[in-house]
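*Asks:* Below is the structure I would like to discuss, written out as structure tokens.
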Amino acid sequence: MSISSRELKAGFFFEDPLENPVQGFDFTGEETHWTIVKYVVRNGDTINALSQRFKIPTLLISRLNALSPDATLKQGQVILLPELY
């Protein structure tokens, strides 16, 4: 699954803009290009650890996956992560 930065900027990720998980994040920089990738959770992964490792705001990870910021991730769980390219 891949979503272009243009689609994210335009709010096409969800039909209802109020449910758009990237709403409120700045994607206006010319050098900023995002895609959404599937990530398989490894043993010990947390939203906070993934945020630090991939330099992604915890709130964005939470919104993309409809999780609370302190949700417990399970090994083998598939979540969505934004990826800068």
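The values are calculated or read from the model by the stated rules, or taken from the named source; none is laboratory data. This is a predicted model, so every value here is computed, not measured. Note that each Cβ is placed from the backbone with ideal geometry, even for glycine, and that neighbours are counted across all protein chains shown.
*Asks:* What are the residue pairs meeting all of these: first residue in the stretch 62-85, first residue farther than 15 Å from Val37 by Cα, second residue of a type in the set (Gly, Ala, Ser) and not in a loop (DSSP other than H, G, I, E, B), Cβ atoms under 6 Å, and 6 or more apart or on different chains?
*Replies:* Hits for this filter: Pro69/Ser62.
Each row is one residue, and each column tells you yes or no for (1) surrounded by 13 or more Cβ atoms within 10 Å (Cβ to Cβ); (2) assigned to a loop (DSSP other than H, G, I, E, B); (3) at pLDDT 70 or above.
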{"residue": "Glu7", "(1), (2), (3)": "yes, no, no"}
{"residue": "Glu15", "(1), (2), (3)": "no, yes, no"}
{"residue": "Thr28", "(1), (2), (3)": "no, yes, no"}
{"residue": "Lys38", "(1), (2), (3)": "no, no, yes"}
{"residue": "Gln52", "(1), (2), (3)": "no, no, yes"}
{"residue": "Ile61", "(1), (2), (3)": "yes, no, yes"}
{"residue": "Pro69", "(1), (2), (3)": "yes, yes, yes"}
{"residue": "Glu83", "(1), (2), (3)": "yes, no, yes"}
